[in-house]
Amino acid sequence: MSFSNEWDEIYNKNLQHTSWPWSDLVSLVYRHCSIAVSRNGVVFELGCGAGSNIPFIQSLGMDYYGVDGSKSVVKKLHQKFPELKERVIVGDFTQKDCFSRLPEVDIVIDRASVTHNNQLSIANTLKNSYDVLKSGGHFIGIDWFSTKHSDFVLGEEGGDAYTRK
C-alpha cells in the first residue's frame, strides 16, 4: 500500500478541510473539458480529501466519483453528501481495484495527491487512470512537486531518485 495513515491523522485533527474548489481546477475544466461538461459526463477524483471540488462538479451536472485513503474524511463526506455514499470510497488509488467499480470516465482529477507517491506508484496510477478514461477524456493533474524546488534537497531519499521522505 502506498498511501500514508498520516492523512487520516490530519483529517481527524480537523485540518485540511478546505471548502472551496481549486481555482486552477475550475479554469482547466472550463478551458479543456467543455464536451464532457456539455454531456454531463463522469468525473473521478484521486485523493478527494474533504470534498472541496464536489460542489463545483455537481454544479456542472456531472456524475462525481472519488477515492481517498482516509476513512475519517470519507465518513464525513458520506454524511455531507449522502447521495455519493456508493461513489466516494476509501481506497488506495495506486491499486487497480480502486478503479474497478467505475464507469468510463470523462475527467480524472488529481490535485496534489498522486505526487505524494513513489515513481512506480505514480506510474500505476496514471496507467489505471488512462484505462478508465473515455476516448478524448482528460487527466487534470495540479500542484505536482518538482525536483527543482529548493526544498527537494532537504528530504531524505525515499526509494527512487524522485521521492523524498
> Computed FRET efficiency, Cβ-Cβ of LEU154 and GLN58, R0 35 Å: what is it to the nearest 0.05?
Replying inline: 0.35
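Restricting to the chain, compute how many DSSP beta bridges are antiparallel as a %, nearest 5. Don't skip to the answer; put the middle values down first.
On the way: 1 of 19 bridges.
Here the share of antiparallel DSSP bridges comes out near 5 percent.
If you take every residue apart from ASP110 with its C-beta less than 10 Å away from the C-beta of ASP110, what net charge results, scoring Lys and Arg +1 and Asp and Glu -1? Before the final figure, lay out the partial values.
Values: positive: ARG111; negative: GLU45, ASP143.
Value of the local net charge: -1.
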>> Can you find, among SER150, ALA112, GLY137, the residue sitting farthest towards the positive end of the charge dipole of the chain, where Lys and Arg contribute +1 and Asp and Glu -1 at Cβ?
In response: GLY137
>> Rounded, prolate or oblate, given the Cα gyration tensor of region 60-133, with a/c below 1.5 counting as rounded?
In response: oblate
> Considering only DSSP states other than H, G, I, E and B, which GluC sites (Glu not before Pro) in region 79-165 qualify as loop sites with at most 13 other Cβ atoms within 10 Å?
Replying inline: GLU86, GLU104, GLU156
>> Just to be sure I follow: if Rg is taken over the C-alpha atoms of region 6-142 and Rh is the Kirkwood radius over the same atoms, what is Rg/Rh?
In response: 0.93
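At 0.36 nm per residue, and after removing the present C-alpha to C-alpha distance, how many nm does the segment from ILE142 to VAL90 gain when stretched out fully? Write out the running numbers ahead of the final one.
On the way: separation 52, 0.36 × 52 = 18.72 nm, distance 2.14 nm.
The span from ILE142 to VAL90 would gain 16.6 nm if fully extended.
Add +1 for every Lys or Arg and -1 for every Asp or Glu among the other residues with Cβ under 12 Å from the Cβ of LEU25, and state the total.
Values: positive: ARG31, ARG111; negative: ASP24, GLU45, ASP110, ASP143.
Local net charge: -2.
Throughout, read-outs are computed from the coordinates displayed, never taken from laboratory work. Here the structure is a predicted model, which is why all the values come from computation and not from measurement. Note that each Cβ is placed from the backbone with ideal geometry, even for glycine, and that neighbours are counted across all protein chains shown.
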